[in-house]
Amino acid sequence: MSAAQSAHEDSTRPDTGPDPAPRADAISVIVAGGGTAGHIEPALAVADALRRLAPGTRVTALGTRRGLETTLVPERGYPLELIPPVPLPRKPSMDLLRLPGRVRASVARTREIIDEVGADVIVGFGGYVALPAYLAAGAGVLRRRRAVPIVVHEANAKAGIANKVGARRAARVLAAVPDSGLRADIVGIPVRSAITSLDRAGLRAQARDHFGLPAEGPVLLVFGGSQGARSINAAISGAAPQLAAAGISVLHAHGPKNNLEVPSPDPHAPYVAVPYLSRMDLAYAAADAVVCRSGAMTVAEVSAVGLPAVYVPLPHGNGEQELNARPVVAAGGGRIVGDPQLSAKYVIDEVIPLLTDPARIAEMGRAAAGAGHRDAADEVARIVLRAAGR
């Protein structure tokens, strides 16, 4: 979605039309950000920005057959070149013994692609697609006649192995937030212009009509990532009677693998439950506040559109999701609640008072927008062009 198809099943229309006919002197850029939407969406946002800033730029996306890029990249109108995947084992195993051979095969194929497209610069967004690109770009490692400049972008609060490797020889290292573990310039996360330029107020009536929501009254948007989140589903649906009694309508994307049937207690404040949201732009425009996970792309999009949020970090991993949300929360644009603490009672005690206080909603919305980086895609694109000598 921002956010698989963004972090929440977003498949809004591409920002631009087909690539213009390439010129012989046009810059050639490889974007390496496959696997998850958190890697793919920033890469495509930068690709779109490159086409706006330097028409005729040839952008080639790098990916593997396993990732979401096999769907998302062609939908956005970019050529996709596939390389053998190189997943990095987290623990000692037989996969670890096979790693050197897999790396060699993936780097060799990536080098062929670099030569085929005449790449002037590579911009990587982490993950196991980026690592072979970083290694293939080096002149010394593979005895290339020339090294291809690298720009590294780290979207997460804690840098992954691939970007730590790429940062060692990158022309520029960029990050979404401070203290990622890389010495980087802070630029935020590139978000596509369909989101950064969203006129929520202007689309409000259309958006609410699209989802069958009332024209007036507060609306709570709820989603838990591309597959949904059972804890969020249970907490929000458990408070459905109290939400309706407070006049709050709900637009809830519960995930395609989950079932959620919530009878609307009040037709004037309906509870609209859907498996996923194919028009995330309209969902943002319809809403007054959000309850969601705090993946990097989710936080970037929600803050870019100026929506107050209650972030519920994924309770697994290294605590990265909470770190993603902290800057927005510190600015006053949201709150963080732990997954175990999220309950129907929390929704009743904390979320309902927020949604029924227009002044607080407006203040938090301004703070969220101020904490975002709406021009990150254009800024990264300009840096990529400079790295390529343009």
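Where a number appears in this text, it was derived from the coordinates with a stated rule and is not lab data. Please read all numbers here as calculations on a predicted model, not as lab measurements. Neighbour counts are summed over all protein chains in view; Cβ atoms, including those assigned to glycine, are modelled from backbone coordinates with ideal geometry.
Sort segment 176-267 into rounded, prolate or oblate with this rule: let a ≥ b ≥ c be the square roots of the eigenvalues of the Cα gyration tensor; rounded if a/c is under 1.5, and if a/c is not under 1.5, prolate when a/b is larger than b/c, oblate otherwise. Oblate shape, in that a/c is at least 1.5 and b/c is the bigger or equal ratio.
Of all DSSP bridge pairs formed entirely within the chain, close to 0 percent run antiparallel. Amide H contacts for V274 (H built 1.01 Å from N in the peptide plane; partners 5 or more residues away or on another chain; cut-off under 5 Å): H252, A253, H254. Backbone phi angles across segment 64-81, fed through the Karplus curve with coefficients 6.51, -1.76 and 1.60 (θ = phi - 60°), yield HN-Hα couplings of 10, 6, 8, x, 5, 4, 5, 9, 5, 5, x, 4, 8, x, 10, x, 10, 10 Hz in residue order; Gly and Pro are listed as x.
For E154, the residues whose modelled amide H falls within less than 5 Å of its own, excluding neighbours fewer than 5 places apart on the same chain, are L174, A175, A176. Each Lys or Arg adds one and each Asp or Glu takes one away; over the other residues whose Cβ falls under 14 Å from the Cβ of L354, this sums to -3.
Local charge sum around A240 (other residues, Cβ-Cβ under 15 Å, Lys/Arg +1, Asp/Glu -1)? It works out to a net charge of -1.
Positive end of the dipole of the chain (Cβ unit charges, origin at the Cα centre): among V384, A331, Y346, the Cα lying farthest that way belongs to V384. Please state the shape class of segment 196-371: rounded when a/c is under 1.5, otherwise prolate if a/b exceeds b/c and oblate if not, all from the C-alpha gyration tensor. It is rounded, given that a/c, with a ≥ b ≥ c, falls under 1.5. Near G63: Cβ cut-off under 14 Å, other residues only, Lys/Arg at +1 and Asp/Glu at -1. The net charge is 0. Note that segment 177-192 has calculated 3J(HN,Hα) couplings of 9, x, 6, 7, x, 10, 7, 9, 7, 8, 10, x, 9, x, 10, 5 Hz, one per residue in order, obtained from phi through the Karplus relation 6.51 cos²θ - 1.76 cosθ + 1.60 (θ = phi - 60°); glycine and proline are x.
Here the Karplus curve 6.51 cos²θ - 1.76 cosθ + 1.60, taken at θ = phi - 60°, turns the phi angles of segment 370-382 into couplings of x, 7, x, 10, 5, 9, 4, 4, 5, 5, 5, 4, 4 Hz, with x standing for Gly and Pro. Taking the Cα centre of segment 196-371 as origin and assigning +1 to Lys and Arg Cβ atoms and -1 to Asp and Glu Cβ atoms, the resulting dipole is close to 180 debye.
For segment 136-223, trypsin sites (Lys or Arg not before Pro) are listed when DSSP marks them as loop and at most 15 other Cβ atoms sit within 10 Å of their Cβ; the list is R143, R144, R145, R146, R168, R183. Within segment 241-337, the GluC sites (Glu not before Pro) that combine a DSSP coil assignment with at most 16 other C-beta atoms in a 10 angstrom radius are E261. Over the chain, the alpha carbon radius of gyration divided by the compact-protein estimate 2.2 N^0.38 Å works out to 1.00.
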